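Encoded as structure tokens, the structure appears first; notes follow it.
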Amino acid sequence: VVRLRFERLVQGSNAASAWFDRDPATFAAAFRRYHAEVPATAHFPADEADLFDAWVRSRRRG
């Protein structure tokens, strides 16, 4: 499940893919937290990207 989520995310989000290319260790740590905190409900790359973007925004707010 983790690998599928990761693949969907980097396929659906240019920003996430660029973050991974730029700083794989920091991105991997963030992705692990995201995976632990956000239920796996997306079936398509764009949906996973939307969930991840919302999670990142929520972390920045508080």
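Using the Cβ of GLY12 as centre and a radius below 9 Å, the other residues enclosed give a net charge of -2, where K and R count +1 and D and E count -1. For the chain, the spherically averaged projection of the C-alpha convex hull amounts to 3.8 nm².
If contacts are Cα pairs under 8 angstrom and at least 6 residues apart, what is the relative contact order of the chain in percent? Don't skip to the answer; put the middle values down first.
Values: 45 pairs, mean separation 26.7, N = 62.
Normalised by residue count, the contact order of the chain is 43 percent.
When the dipole is taken about the Cα centre of the chain, and only Lys, Arg (+1) and Asp, Glu (-1) are charged at their Cβ, what size is it in debye, to the nearest 20? Mind showing how you got there, number by number?
Working: 10 positive and 8 negative charges, 55 e Å.
The calculation lands at about 260 debye.
Summarising the label geometry, the points placed 7 Å from Cα in the beta-carbon direction at ASP50 and LEU4 lie 1.9 nm from one another.
Each reported figure results from applying straightforward, stated rules to the coordinates on display, with no laboratory input. Every value quoted in this text rests on a predicted model; they were computed, and no experiment measured them. Glycine gets a Cβ as well: all are built from the backbone with ideal geometry, and neighbour counts include every protein chain shown.
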